[in-house]
Every structure is written in structure tokens, then in C-alpha cells.
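Taken together, the values in this text are just the output of simple stated rules run on the coordinates, not laboratory data. Keep in mind it's a predicted model, so treat the numbers as computed, not measured. Cβ placement follows ideal geometry from the backbone for every residue including glycine, while neighbour counts extend to all protein chains displayed.
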Amino acid sequence: MTQDAQAVRSEFADDPDMSGIVELFVSELPDRVGAMNAALAAGQLEQLRVLAHQLKGAAGGYGFPRLGEAAALIDQGVKDACDINVIRSRMGMLSAFAARVRP
Amino acid sequence: MSAAKIPLPKVLAIDDSELIHRLLRVRLQHEQIELHGTTDAVEGLAMARRLMPDVILLDIEMRSMDGFAVLQALKDDIDLQDIPVIFISATASMEDRVRALDMGAVDFVAKPFEVVELKARVRSALRVQHLVKMLAQKAQVDGLTGLWNRTYFDRRLSQEVAQAVRHRRGLSLVMCDVDGFKRLNDECGHPFGDLVLERLSKILLSGRTSDVPCRYGGEEFGIILPNTHGSEAMEVADRYRRAIELEQWPGPTGRTITASFGVADIHALDGLQSIEELVGAADAALYRAKLNGRNRVESAHADRPAR
């Protein structure tokens, strides 16, 4: 129950044009976040940044602006060469938020 | 030259994220456009050449080539430089926006984009592009006859010569001049002279679809014949000559109006240096057709000294 209470739904949940691609976006999100975590673990920060940048640009379009903002923080963090612990903490926040995302 | 059915304007999206393409396909599905897309910048340039889109939506951050480099390549290509480019980017720094606009982008939309705004900006760019195309077309078409004008003739002939030389293809030029046009104008009035030019243009347009008839100036026409060697060009010109001779005219019965023709084949001209030389050779043949009695076709190469 707690998980559903915390669920984040798309702003376009009621838009019939959008439902198909929003569902696809949500179903692919775990893989996307997984790839980001893997890049971070492997120290491939540029790869992480590219993935974060893409998510930053797209998430809002699918009705998840806060997910986009979380991705933007990672994109910016790598660009600014922030401490790796800062990046890890931001990635942790994004992963936790992504887990609550529902179509 | 006139389109029976107006095709939908083409929009090409170049963005390295498939997420954005899916979004654009859904969000622009009700617009009166034909949407194309690619996630690869290099492929995007190739598609631009192939499709000649009316608007390009361009991402900045891409792996193979960034958006600024793509924009520069578009602006450096004479065929593509007039296609309006709208940047769509999640990198929305003021410096990037200014740089994009200074390089010739028409607009800039930040990602994530507002759908209504994106649609409005695409429509706005399409409107401007439509006007630009119309103006470009008008500037190349002769007002009286509807044929291509001299400006177009010069440009097209240069292109065709370059192509024919590079690919070793045939190319001939036919110059055509109405016989006794000045006297016709004096005796029958200028409106009749205009009618003659219009009818002749229709005849020249009714030939092979690959022929490119242009109004060279006054009562002189230039017809570019791609993939055509001299002997075939002579036959084509003679068909035009006969069609003109057989045309029925208002006024006194039995009136005939004729035209003379000069034909030049680029591969029969040794070491062609300029299109002026080609036009000059066809013109000289036309002049000989006039001297030899008018209403005839002469070749530029008939009198080549056999050395």
C-alpha cells in the first residue's frame, strides 16, 4: 500500500494520445536507470552524463518533470566535475524516484 | 512546373534520443506534416539531402556530430542552406541560444518542450519557408510564358554541364529564335507578338519531359537537353520546328510562323571552358540557320574543320 500511495503518475495519464508511449517509457525506465547505475559503477561518467542528459530532455515530455529535474542534477554534476559521492547521492535519489513512477 | 496536388510539408527531426522521436511522432500526429526522423547526425545530413525537408528540428548534444556542426554543414551546402532549422535542446544556456541563432537557426525550443509552443513554432517556420520557396520560384519563372527565365537557365546549364562532364553523360543545348519577330510585332501589334511567344512556349513545354525549355530573352529560347547527344538533339529540335510551323494562328488564313534552331553538343566541343562557350556555339549555329533561309535546324559541329 505504501508504494502505491507514493506512486508518481504522468501528468498526461488522461491523454489517450499519450498513453501508449507513456506506458512504454515507464516500462523501459528500470533498464534506463539500470544502465545509468552500471555506468556510474564502472566509472564511465561521460556515458552516465549522456544518459542523464537524454532523460533530462525527455522525462518532462512524458509527464514526469521531477524525474527530468533529478536527471538534470546528474548531468550538471558530471559537467561540473562534482565529487563522486555527490554524483552517487544524486543517482541514488533518481533511482528511488524512478521506482515510484507509474504510467 | 505546377503541382496538381500540394504535398504535405516535410519535417525532419535529428535527435540522438529515441524517446524524443516517439514523443514528436505522437505530439505532431495531428499536424498537417510528414514527419521523418533519425537518431544519427550524419544520417540526418544524408536524409536532408534526400528529402529536402521544409523544416529541420535539431538537437544540440549528439554523439557522432553535435548540432552546431550539423547546422554548419547545412549552411555550407547551397541546396540545403535555406531550410529553416529549429534547435530543440535540453542544454538551454544563453550562449548556446545566441550561437545557434547567429549561425542561422530560425528558432530555439528548450527541452522538455511545451507541446503547444512547439507546434506553433513549427507552423511559423513552415509559413516563412512557404513564402521563401514561392519567392525563389517566382524569381526564376518568366512572367509572360511561364517558362524558366534566364537566371534559372544559367544556373541549370552550369549544373547540367558539371554533371555531364563528371558522369560522362550526353548533354546538348538548343537555341531557338522566332523568325521575323520584329516585323510580326510591327505589323500585328505587340499583343499578337505576346500570343506567339506564349503559344511557342506551350509547344516547347509539350516535348520530352526531360527537356528544360527556358526563355533566354526577347524572342529567343534556350532548351537544355540532358542525356542527349547531338544527332538526337537535332531530331528533337526539328520536331519543335515542325510543331511551330504547323500551328494555326488567328487572323488571315494560311499565316505561318516559323522559328530557327541551333544545336550544340558539349562532347563535340573540344575542351569546353564555360557555359558561355556552349551558348555561343549554339547561337552561332542558330545564326547560320537564319542565313541559310530560316525555319531550319543547324548543328554547331557540321562545319568543324576535319583536322
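Round to the nearest 0.05 the FRET efficiency obtained for B:LEU246 and B:GLN140 when R0 = 30 Å and r is the Cβ-Cβ distance.
Values: r = 31 Å, r/R0 = 1.02.
Approximately 0.45, to the nearest 0.05.
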>> Output the 0 to 90 degree angle, nearest 10, between the alpha-carbon long axis of helix A:19-41 and the longest principal axis computed from the alpha carbons of chain A.
In response: 20 degrees
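What is the gain in length, in nm to one decimal, between B:PHE192 and B:LYS290 on full extension, counting 0.36 nm per residue of separation less the C-alpha to C-alpha distance? Mind showing how you got there, number by number?
Working: separation 98, 0.36 × 98 = 35.28 nm, distance 2.22 nm.
33.1 nm is the gain from fully extending B:PHE192 to B:LYS290.
Among DSSP bridges having both ends in the protein assembly as shown, what percentage is antiparallel? Round to the nearest 5. Don't jump to the answer; show the numbers that get you there.
Details: 20 of 42 bridges.
The antiparallel fraction comes to roughly 50 percent.
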> Going by the alpha-carbon gyration tensor, a ≥ b ≥ c the square roots of its eigenvalues, is the range B:1-65 rounded (a/c under 1.5) or, if a/c is not under 1.5, prolate (a/b greater than b/c) versus oblate?
Replying inline: oblate
> If one takes the longest principal axis of the Cα atoms in chain B, at what angle in degrees, from 0 to 90 and to the nearest 10, does the Cα axis of helix B:190-205 lie?
Replying inline: 70 degrees
> Where in the range B:214-249 does the label zone of B:GLN163 land, with the point 7 angstrom along Cα→C-beta and an amide N cut-off under 18 Å?
Replying inline: B:214-215, B:222-230, B:233
> Once you charge only the Cβ atoms, +1 for Lys and Arg and -1 for Asp and Glu, what is the size of the charge dipole of chain B about its Cα centre, to the nearest 20 debye?
Replying inline: 720 debye
>> In whole Å, what are the extents of the range B:150-299 along the principal axes defined by its C-alpha atoms, from largest to smallest?
In response: 51, 29, 23
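What FRET efficiency, computed as 1/(1 + (r/R0)^6) with R0 = 45 Å and r the Cβ-Cβ distance, is obtained for B:GLN81 and A:ALA7, rounded to the nearest 0.05?
Numbers: r = 50 Å, r/R0 = 1.10.
Between B:GLN81 and A:ALA7 the formula returns 0.35.
Considering every Cα-Cα pair within the protein assembly as shown, what fraction, in whole percent, is farther apart than 39 Å?
Value for the protein assembly as shown (Cα pairs over 39 Å): 44 percent.
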>> Taking the Cα centroid of the range B:57-134 and of the range B:163-191, what is the distance between the two, rounded to the nearest whole Å?
In response: 43 Å
> What distance in nm separates the simple spin-label points at B:PHE68 and B:VAL42, each placed 7 Å from Cα in the Cβ direction?
Replying inline: 2.1 nm
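Using alpha carbons only, what's the Rg to Rh ratio of chain B with Rh from Kirkwood?
1.12
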>> Taking 45 Å as R0, compute the FRET efficiency from the Cβ-Cβ separation of B:LEU205 and A:GLU28 and round it to 0.05.
In response: 0.20
>> Helix B:41-51 against the longest principal axis of chain B: what's the angle in degrees, Cα atoms only, rounded to the nearest 10?
In response: 40 degrees
